[in-house]
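As structure tokens, the structure follows; a few thoughts come after it.
Please treat every number below as a calculation from the coordinates, not as lab data. Computed from a prediction, not measured in an experiment: that's the story for all the values here. Counting neighbours? That spans all protein chains shown, and the Cβs are built from the backbone with ideal geometry, glycine included.
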Amino acid sequence: MEQVKMKHIGVLALQGAFREHIEIIRSLGHIGVEIRKVEDLNSIDSLILPGGESTAIGKLLVDFKIKEILIQKIRDGLPVWGTCAGMILLAREIANDKTTHLSLMDIVVRRNGYGRQLGSFKIDGVFKGIENKIPMVFIRAPYIESVGKDVEILGEVDGKIVAARENNLLATSYHPELTDNLETHKYFIDMMNR
């Protein structure tokens, strides 16, 4: 049997739901690395930008002098997955906000697309590349309004794009780390191994 090489998967740990991602990474046999400073980026094979408050995380990326180095690493091919707020951080454009953060993925995202706290819900949805429907938890979630020509749409809920991929970038509106389902994490790990 082929030995699977353990990967060092970083999770941005400045704010938001990073601990749950770390636990899932470990349960899948990899090493979860909390990313809090620039030096932490040197020891990882990929990075998850977790849910949280995108404006706060974007500001902390600047305050901790991580933003520019992270942008360069992503341009150089670092696989990155943004969930919820992480999707907003990756977006080239935010429909209802003039501010952008990393601006690397050719998507237009609508913040709080489903409304505020009352707009939170759970649904079983289809994700292209995952065989069965998976539970998707949306909390004040964004959705993707439009994608560029090189972006592959991976999931839609009620006609709104909730998952997409562009080269080394993956973005999901939902929080897979808040369910027992590991399929989206496995998809990301498989993506980074290719």
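Entry remark, the range 69-80: residues being more than 23 Å from PRO142 (Cβ to Cβ) and in contact with a helix residue (DSSP H, G or I) (Cβ under 9 Å, 6 or more places away or on another chain) number 2 in total.
Just one of the listed residues (ILE69, ILE107, ILE74) is farther than 19 Å from LEU178 by Cβ and either exposed (fewer than 15 other Cβ atoms within 10 Å of the Cβ) or among the hydroxyl-bearing types (Ser, Thr, Tyr) (or both), and it is ILE69. In the set GLU183, GLU156, only one residue is under 16 Å from HIS21 (Cα atoms), surrounded by fewer than 20 Cβ atoms within 10 Å (Cβ to Cβ) and not basic (Lys, Arg); that residue is GLU183.
Quick test of your reading of the structure: LEU60 fulfils all but one of (1) surrounded by 15 or more Cβ atoms within 10 Å (Cβ to Cβ); (2) outside any loop (DSSP other than H, G, I, E, B); (3) in contact with a helix residue (DSSP H, G or I) (Cβ under 8 Å, 6 or more places away or on another chain); (4) touching a residue at least 24 places away in the same chain (Cβ under 8 Å). Name the failing condition by number. Result: LEU60 fails condition (3) only.
Of all residue pairs spaced 6 or more apart or on separate chains, those with beta-carbon atoms under 7 Å, a first member in the range 176-194 that is more than 17 Å from GLY10 (Cα to Cα) and a second member that is in a helix (DSSP H, G or I) and among the charged types (D, E, K, R) are LEU178/GLU20. One residue stands out among those in the range 85-101 that are touching a strand residue (DSSP E or B) at 6+ places or on another chain (Cβ under 7 Å) and among the small types (Gly, Ala, Ser): the one that is surrounded by the fewest Cβ atoms within 10 Å (Cβ to Cβ), which is ALA95. Filtered by the rule that a residue be outside any loop (DSSP other than H, G, I, E, B) and of a type in the set (S, T, N, Q), the range 72-104 gives GLN72, THR83.
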